[in-house]
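The values are calculated or read from the model by the stated rules, or taken from the named source; none is laboratory data. Remember, it's a predicted structure, so these values are computed and weren't measured experimentally. Glycine also receives a Cβ, built like all others from the backbone with ideal geometry; neighbour counts cover every protein chain displayed.
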């Protein structure tokens, strides 16, 4: 006997009478959130809309599916929220049951993984924020502007480079920032330098590496922080004066504020693992080196498109939930990793990011690192602003150069490139940029 879902049928009724295609995504609903005859009618209605671009009436639904829809006089958002709450409660109940089974089986680690995965998977179904009155929120906007003015336009945690701060306003709370480059360009060093800069500001940093183990990433931060040649530090053959200064600064550092919490792939496999660490350690910023190496909640890697969609979506939700900046590296280039030079102009292109366009579509900022033989000879690196969600269209330093001297540990800003482009979010599916006459 078919299940009769009265609340679900109310949802279908308000959907076709309200002429509002945004009702379902607005409340994170789909056919799986209703049951039996309601799902039958909802599936048919959605297919009808896709085919005809208009909604059927109640009589057409009854004739085609055999489901009689009720006349509904409550607001569409009210009915949709009823369905959302019921569905969310059911999913939470199922999750709680699965967690309880793992606890009964004395498998607390698996229970924690289930909790972490569920917190990300169900977060998007949490109650949506209520609309904001533009008129009534005026005083709040004045305060936000005054705070921004006092900070000199920098609304987030400062990056080490002034031009990048102009581009993105610093590492802003709740944002997902992606760093992309070809292999062996310097993504790990980039994150280590940014982490050290945040530590200098007295901040607590969570540094997660999926590329190497803790001692290796720690050595890089150490070389940067104490200005010692990486090769000599790793080989244990520093000059006596350098070694004495290194020892002195290490001991002095224990008295300072802030910290860098290091974690590697032995502790972290999925985004939810990092989410738990953020909740535990409460950092001011999160750096993840090798985000493309995450496993999805189902256990698959980023090589599969569906897994990539889930991983990047989880990263975005995690940044929003924790309200701290998340900075994640991924790879640039084709499947063969040819490393060939940029084609015909001085620009990197966002769509060169590997594994899936979600690495470009979802993040708030996408920053490209580029180095060829000539740049390596001059110990420099290009920084390309490939995407900025809040781009203003002016005063952007979309491409600039920094020093990249791993002997002197010098990553200082050098200057803007002679030509440049401003990324425009609305044009990402086209050229993705607007050319500057001069920059």
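Worth a mention:
- Taken together, 297, 270 contain a single residue that is crowded, with 19+ Cβ neighbours inside 10 Å, at pLDDT below 90 and within 20 Å of residue 217 (Cβ to Cβ), which is 270.
- Any hit, segment 358-375, residues being at pLDDT below 95, touching a helix residue (DSSP H, G or I) at 6+ places or on another chain (Cβ under 6 Å), part of a loop (DSSP other than H, G, I, E, B) and within 26 Å of residue 320 (Cβ to Cβ): yes
- Scanning segment 227-266 for residues that are under 30 Å from residue 322 (Cβ atoms), at pLDDT 90 or above and out of contact with any strand residue (DSSP E or B) (no Cβ under 6 Å at 6 or more places or on another chain) returns 265, 266.
- Only one entry in 150, 129 is exposed (fewer than 15 other Cβ atoms within 10 Å of the Cβ), at pLDDT below 95, over 30 Å from residue 26 (Cα atoms) and out of contact with any helix residue (DSSP H, G or I) (no Cβ under 8 Å at 6 or more places or on another chain), namely 150.
- When segment 202-211 is filtered for residues that are outside any strand (DSSP E or B) and either within 22 Å of residue 252 (Cβ to Cβ) or free of Cβ contacts under 8 Å to residues at least 60 places away in the same chain (or both), the ones remaining, listed by number, are 202, 203.
- Selection of first residues in segment 74-87 that are not assigned by TED's automatic domain parsing to the domain that holds residue 11 and surrounded by 15 or more Cβ atoms within 10 Å (Cβ to Cβ) and of second residues that are assigned to a loop (DSSP other than H, G, I, E, B) and modelled with pLDDT under 90, restricted to Cβ pairs under 9 Å at least 6 apart or on distinct chains, gives an empty result.
- Some residue of segment 106-115 being buried (at least 16 other Cβ atoms within 10 Å of the Cβ) and modelled with pLDDT of 85 or more: no
- Any chance residue 238 is over 27 Å from residue 357 (Cα atoms) and in contact (Cβ under 8 Å) with a residue 60 or more places away in the chain: no
Here's the yes/no breakdown for (1) out of contact with any strand residue (DSSP E or B) (no Cβ under 7 Å at 6 or more places or on another chain); (2) within 15 Å of residue 83 (Cβ to Cβ); (3) modelled with pLDDT under 85:
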{"position": "3", "(1), (2), (3)": "yes, yes, yes"}
{"position": "27", "(1), (2), (3)": "yes, yes, yes"}
{"position": "32", "(1), (2), (3)": "yes, yes, no"}
{"position": "36", "(1), (2), (3)": "yes, yes, no"}
{"position": "58", "(1), (2), (3)": "yes, no, no"}
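- Residues satisfying the criterion are absent from segment 158-174 (criterion: outside any helix (DSSP H, G or I), exposed (fewer than 14 other Cβ atoms within 10 Å of the Cβ) and touching a strand residue (DSSP E or B) at 6+ places or on another chain (Cβ under 9 Å)).
- The set of residues in segment 25-73 that are at positive phi and either loosely packed, with under 13 Cβ neighbours inside 10 Å or not assigned by TED's automatic domain parsing to the domain that holds residue 6 (or both) comprises 53, 66.
- Restricting the first member to segment 244-258 and to residues that are outside the structural domain of residue 227 (by TED's automatic domain parsing) and closer than 15 Å to residue 221 by Cα, and the second to residues that are at pLDDT 90 or above and surrounded by 10 or more Cβ atoms within 10 Å (Cβ to Cβ), no beta-carbon pair is closer than 8 Å while six or more apart or on different chains.
- Checked against (1) under 36 Å from the mean Cα position of the chain (by Cα); (2) farther than 24 Å from residue 122 by Cα, residue 78 meets all criteria but (2).
- Test: residue in segment 240-260 that is part of a helix (DSSP H, G or I) and crowded, with 17+ Cβ neighbours inside 10 Å: yes
- Among the residues making up segment 220-234, those that are closer than 15 Å to residue 249 by Cβ and in a helix (DSSP H, G or I) are 221, 222, 223, 224, 225, 226, 233.
- Segment 300-319: number of residues that are at pLDDT below 80 and either buried (at least 23 other Cβ atoms within 10 Å of the Cβ) or in a loop (DSSP other than H, G, I, E, B) (or both): 4
- Scan of segment 376-396 for residues that are more than 17 Å from residue 177 (Cα to Cα), at pLDDT 90 or above and not in a helix (DSSP H, G or I), ordered by number: 378, 379, 380, 381, 382
- Residue 199 in contact with a strand residue (DSSP E or B) (Cβ under 8 Å, 6 or more places away or on another chain), within 27 Å of residue 248 (Cα to Cα) and not in a helix (DSSP H, G or I): no
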